[in-house]
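The values are calculated or read from the model by the stated rules, or taken from the named source; none is laboratory data. Just so you know, these numbers come straight off a predicted model, no measurement behind them. In this analysis, Cβ positions are derived from the backbone assuming ideal geometry, glycine residues included, and neighbour counts consider all displayed protein chains. Heads up: the accessible areas ignore ligands, DNA and RNA and are worked out on the full protein's heavy atoms, side chains in. Shrake-Rupley method; radii C 1.70, N 1.55, O 1.52, S 1.80 Å.
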Amino acid sequence: MGTIDTIKDPRIRVKVSTQLLDIIKKHHTEFAGAPKHVVDLLKPMGIRVTQLDNNGNGYKGVDVKLLNDILANNEVTIESETHTTKSEKEKEEKASFDKTKEIYLYLSDLRWFSQALGTLRSKGIVDVYLNDLLETCSLELPKNATIERNPELEARCQKLRLEQQNLEYRKMTKDVDATLKNYPEDTIAYQMKAINSQLVAVLQFIFSVAAGFAFGFIGIQLIVGNLDFGLRLLLGIMIALIIALAEIYFLAKKLNEYDNTTETVNKAINKIKASKTPILNEEIQKKLHVE
Amino acid sequence: MPNQVSDVNNLLDSLYLELLDLIEQHTECRINIERINNAGQLLLAKTRYNQGSNSISTAQIPTENSEDFKALCNVEKELDIENTIAGEKKHLIRHKVEKSQGYVEPLHWFAALPPTTLRNATEYFKKSVELVVQGANIQTELLAVMDKIERLKQIKKQLVL
């Protein structure tokens with residue numbers, strides 16, 4: 001299992017056939033130089049070619065005018081499909097690859113090669129065109145890289161899936177198995193308890209704020225004596241505010257604990273583990289003592 | 001006609017190279033589209049995360065009953081016989097937002113002051129539309145080159161015979 005990544009190298013590669021390779025081998029002395037990639041490819045075969053610095057600078061685009069002229073002057077009758085497929089099959093049979101060494105050329109190398117062939121043709125050494133040679137080669141399109149899944153993640157996923165399945169199974173067999181009937185999280189009492197503890201926390205907050213207000217509003221008047229109504233109100237609100245601020249801090253702390261119940265569960269498990277190990281040690285020590 | 005044979009062969013050579021070049025460009029274009037779309041979608045997800053899943057309702061999106069508006073960008077064909085093999089090129093035309101003429105800014109459906117992540121996402125998607133047009137151009141060119149190669153091959157066969 002793996003996910004597909006974006007293509008890293010968009011260059012296309014041409015798998016070189018033996019015909020093309022033969023021509024390079026035969027006439028390598030005639031080349032003025034070759035791009036770096038070709039030089040590196042030819043070195044293991046014992047062919048040394050001087051390296052060229054400018055990679056395919058002299059490349060000219062397609063002569064569109066000439067193309068259109070030729071196409072206009074020559075009537076083309078498109079042959080039936082069966083014939084073309086036949087000829088393609090023949091070509092595939094003709095194309096032979098050196099299976100021990102797979103050599104790939106990039107587009108810039110092919111541009112250089114077409115130019116080199118042009119110079120060779122002008123010298124009268126060969127009478128071969130690139131298109132004839134390319135038909136014997138095969139094209140390799142860029143492929144997406146696949147990312148293998150991290151085994152750690154896979155193991156974790158497996159574990160979580162198992163847990164989920166176990167839970168589902170328990171829910172399913174709850175009615176059949178008597179021991180599982182009172183699953184604590186499903187009973188109303190459990191949920192009522194959870195709601196209760198939260199309600200108590202909120203009510204506590206409200207009562208303490210009300211008490212603070214009452215102290216400022218009535219209590220101070222009782223101590224000091226006759227006070228203005230506005231001042232009493234102000235004192236009550238101020239004291240209630242101070243108490244509310246302090247209470248909010250504790251309330252938030254408590255309510256937050258309900259949210260990450262999983263953490264508290266983990267903590268509880270760790271506590272149990274921590275408390276278990278010393279007991280085991282004690283037992284061992286006791287046994288040793290007895291012996 | 002040896003001259004014409006060499007002409008045809010040279011043309012075939014250059015057409016093959018052009019074909020390979022176009023394939024490369026096409027893959028590159030597609031990779032870019034993928035990358036930019038990914039970035040845009042990530043930003044969209046970020047806006048949703050920041051604003052919460054309930055902040056946008058279907059009432060904000062225009063329905064069949066709401067007022068008509070015009071598309072902000074169109075594709076136009078243009079003849080270009082000299083520079084391209086296919087003989088035509090597509091262009092993307094963007095209109096300015098002008099409410100009186102029916103060009104509406106879709107960003108303002110969601111908020112009067114859209115968050116920066118949403119605005120960046122639209123930038124990415126605009127770029128991706130441009131790239132799609134570019135990719136379509138490359139594709140038509142590619143098909144034209146393939147067609148021309150096929151016809152030149154036939155001519156070559158006739159000439160050699």
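General observations
- Residues whose amide H lies under 5 Å from that of B:Y103, counting only those 5 or more places away or on a different chain, are B:K70, B:E98; hydrogens are built 1.01 Å from N in the peptide plane.
- Dipole of chain B, positive direction: furthest Cα of B:H91, B:N74, B:Q4, with charges on the beta-carbon: B:N74
- Distance in nm between pseudo-label sites at B:L161 and B:D80 (7 Å out along the Cβ direction from Cα): 3.8 nm
- Separation of the B:Q4 and B:A45 label points, Cα + 7 Å toward Cβ, nm: 6.1 nm
- Each chain gives up part of its surface: B and A jointly bury about 3300 Å² of accessible area, both sides summed, for a 1.4 Å probe.
- Per-residue ³J(HN,Hα) for region A:9-24, Karplus 6.51 cos²θ - 1.76 cosθ + 1.60, θ = phi - 60°, Hz, x for Gly and Pro: 10, x, 6, 8, 10, 10, 6, 7, 8, 5, 4, 5, 5, 4, 5, 4
- Cross-link pairs exceeding 20 Å between alpha carbons, from the set A:K15/A:K143; A:K25/B:K153; A:K25/A:K123: A:K25/B:K153.
- Summarising the label geometry, the points placed 7 Å from Cα in the beta-carbon direction at B:A136 and A:D175 lie 5.9 nm from one another.
- For A:R13, nonlocal amide neighbours, meaning residues 5 or more places apart or on other chains whose placed amide H falls under 5 Å from its own, are A:E140.
- Computed from the C-beta positions of A:T146 and A:I220, the FRET efficiency with R₀ = 60 Å rounds to 0.20.
- If R0 is 51 Å, the Cβ-Cβ spacing of A:I195 and A:D9 corresponds to a FRET efficiency of close to 0.25.
- Once the Cα atoms are used to define both axes, helix B:116-160 deviates from the longest principal axis of chain B by about 20 degrees.
- Near the amide H of B:E88, within less than 5 Å, lie the amide hydrogens of B:D80, all on another chain or at least 5 residues away, with H placed in the peptide plane.
- If you count Lys pairs in region B:1-149 whose Cα atoms are under 26 Å apart, skipping same-chain pairs closer than 8 places in sequence, the total is 24.
- Folded to 0 to 90 degrees: helix B:2-51 orientation relative to chain B principal axis, Cα: 10 degrees
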